[in-house]
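The block underneath contains the structure these notes are about, expressed in structure tokens.
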Amino acid sequence: MEADLIIKNIGNLVTMRGTNGPRIKEEMNNIEILKNAYVAVKNGKILDIGQGHIMDKLIGKNTEIHDAKGLTVTPGLVDSHTHLVHGGSRENEFALKISGVSYIDILKRGGGILSTVKSTKEASFDELYNKAKKSLDIMLEYGVTTVEAKSGYGLEFDTEVKQLKVAKKLNENHPVDIVSTFLGAHAVPIKYKENPDEFVDIVIEMLPKVKELAEFVDVFCEEGVFSVDQTKKILQRAKEIGYKLKLHADEIVPIGGAELAAELKAISADHLMAASENGMKLMAENKVIANILPGTSFNLMKDYANARKMIEVGVAVSLSTDYNPGSCPTENIQFIMQLGSLALNMTPSEVLTAVTINGAYAVDKADEIGSIEVGKKADLVVFDAPNIEYIIYHFGINHVYRVYKEGKLVV
Ligand code: NIG
Ligand code: FE
């Protein structure tokens, strides 16, 4: 069959092919890298992959041929945990943070998430859309072709829906694919401070009403925010309704978030800086992905998650930005990848696995993205790098040369 597009002269083609599930243990490190390779694309999907001479049958009179100049090509990157849609910014809390006031104390004073809730309520749909679009453009420039986006800055129906509708419209209009998550239980609004269980019931009532707008439900399970019992109540109901589950788990205090994620068979548990070893083992047994967010540790100036231990016990690890206006105001996934090595001690191969195929599993889209194999979407990044180590080693800059989304050149 003739291809629409052939990308030839790829120095290193990182395919991420070869497993039937998320990559675990050595699979995260032992990845396929084809030298002198090409990728053929038809109707936005991968038609063929090969090395050396390009087969004649792939080339017709309408086939475009692009030269990758001997550079490194990977699957489109997946940022599987972001708070993409929100109003305002929180640089006004920066001085407090560096003077040592904790993230949870800022929240308890009515700042933090609650301050972004106010800005998000005040922002119009178009303001939220334009701000999120600007971030999405940056993410794409850094090689991200799929993004998970959470609500959670409304904490009441109308604003949660406004956020989810912004994500829906962006998904329709922007080249980046968006997977939506309802995070109605992101913080307890001040007026429910004395009766948080009442607010838990309000979130539960919202679940069926936002079903058409979100694929996942997430809860910020943390001491001083939502307890394990409250989280369980919300997520069990969400599961009954047909949502897939995620948790902000054991970010600051080890209250059993990882264990709960395992019990509920969530798709992922995220953060996990304080997760217990038993929690990690239970996650491995129940195939829950550990979505680690090292940019948040960096920016909160806190401990990092124990990625090495998680990989050792057989948890599939993914990495994401956690892009949000408080704990991690960056869209730069390449910096997160560099932290994956420099702060989490993951190898460049493990890091690449974490932001491609394992990230695809973390958003439950691995049947269509996350690896370069026949039939999957032709989401591809050409890095201006002679090998994958270089992308991690030379830090703080953008290494992207080109990005293809479903076979179209978008960067
Ligand atoms: O993933 N930890 C909870 N939620 C976000 C931060 C949200 C915010 O501070 O605005 C996180 O870190
Ligand atoms: Fe988050």
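Beta carbons within 10 angstrom, averaged per residue: use that to sort the peptides 355-366, 253-264, highest first.
Top of the packing list down: 355-366, 253-264.
Any idea how far the Cα center of segment 106-162 sits from the one of segment 339-360, in Å?
Segment 106-162 and segment 339-360 have Cα centres spaced 26 Å from each other.
Whole-Å semi-axes of segment 62-123's equivalent ellipsoid, largest first, each the root of 5 times a Cα gyration tensor eigenvalue?
The answer is 42, 17, 10 Å, longest axis first.
Could you give the alpha-carbon Rg of the chain over 2.2 N^0.38 Å, rounded to two decimals?
Against the compact-globule rule of thumb, the ratio is 0.96.
Let me know the charge dipole size of segment 298-360 about its Cα centre in debye, to the nearest 20, where only the beta-carbon of Lys, Arg (+1) and Asp, Glu (-1) is charged.
I would put it at about 100 debye.
Using a Förster radius of 60 Å, what is the FRET efficiency between Gln51 and Arg109 based on their Cβ-Cβ separation? Nearest 0.05, please.
0.55
Applying 1/(1 + (r/R0)^6) with R0 = 25 Å to the Cβ-Cβ distance of Lys121 and Leu213, what FRET efficiency is obtained, to the nearest 0.05?
0.90
Just grab the label-to-label distance for Asn130 and Glu285, each label 7 Å out from Cα along the Cβ direction, in nm (one decimal).
5.3 nm
Taking Cα atoms, how many degrees apart are the long axis of helix 157-173 and the longest axis of the chain, rounded to 10 and kept between 0 and 90?
Tilt of helix 157-173: around 10 degrees.
Quick one: which of 391-398, 26-33, 370-377 comes out on top by average Cβ neighbours within 10 Å, and what's the full order, highest first?
370-377, 26-33, 391-398
From the C-alpha gyration tensor of segment 6-98, pull out the three semi-axes of the equivalent ellipsoid (sqrt of 5λ each), sorted largest to smallest, in whole Å.
Listed largest to smallest, the semi-axes of segment 6-98 are 38, 19, 14 Å.
How large is ³J(HN,Hα) for each residue in segment 188-202, as worked out from phi by the Karplus curve 6.51 cos²θ - 1.76 cosθ + 1.60 (θ = phi - 60°), to whole Hz, x for Gly and Pro?
3J(HN,Hα) across segment 188-202, in whole Hz: 8, x, 3, 5, 10, 3, 7, 10, x, 5, 5, 5, 4, 5, 5.
If you put +1 on each Lys and Arg Cβ and -1 on each Asp and Glu Cβ, how big is the dipole of segment 1-135 around its Cα centre, in Debye rounded to 20?
About 260 debye.
What's the angle, to the nearest 10 degrees (0 to 90), between helix 113-122's Cα axis and the longest principal axis of the chain?
Rounded to the nearest ten degrees, it is 80.
Quickly estimate the mean residue ellipticity at 222 nm for the chain, helices only: each DSSP H run with n ≥ 4 gives -39500 (n - 2.57), and the total goes over all residues, rounded to 500.
When only DSSP H runs of four or more count, the value is -10000 deg cm²/dmol.
Note down the magnitude of the dipole of the chain about its Cα centre, charges +1 on Lys and Arg C-beta and -1 on Asp and Glu C-beta and zero elsewhere, to the nearest 20 debye.
The dipole magnitude comes to about 500 debye.
What span do the alpha-carbon atoms of segment 300-363 cover on each of the three principal axes, reported in whole Å from largest to smallest?
The principal-axis extents, from largest down, are 32, 25, 18 Å.
Please work out how much length the chain gains when fully extended from Asn62 to Asp201, using 0.36 nm per residue of separation minus the C-alpha to C-alpha distance, in nm with one decimal.
44.2 nm
Modelling each spin label as a point 7 Å along the Cα-to-Cβ direction, I'd like the Lys193/Glu172 distance in nm, to one decimal.
The two pseudo-label positions are separated by 4.0 nm.
Label Met1 and Lys25 with points 7 Å out from Cα along Cα→Cβ: what is the distance between them in nm?
3.7 nm
Just so you know, all these numbers are worked out from the coordinates, no wet-lab data involved. Just so it is clear, the structure is predicted and the values come from calculations on it, not from any experiment. We place every Cβ from the backbone using ideal geometry, glycine too, and count neighbours over all the protein chains shown.
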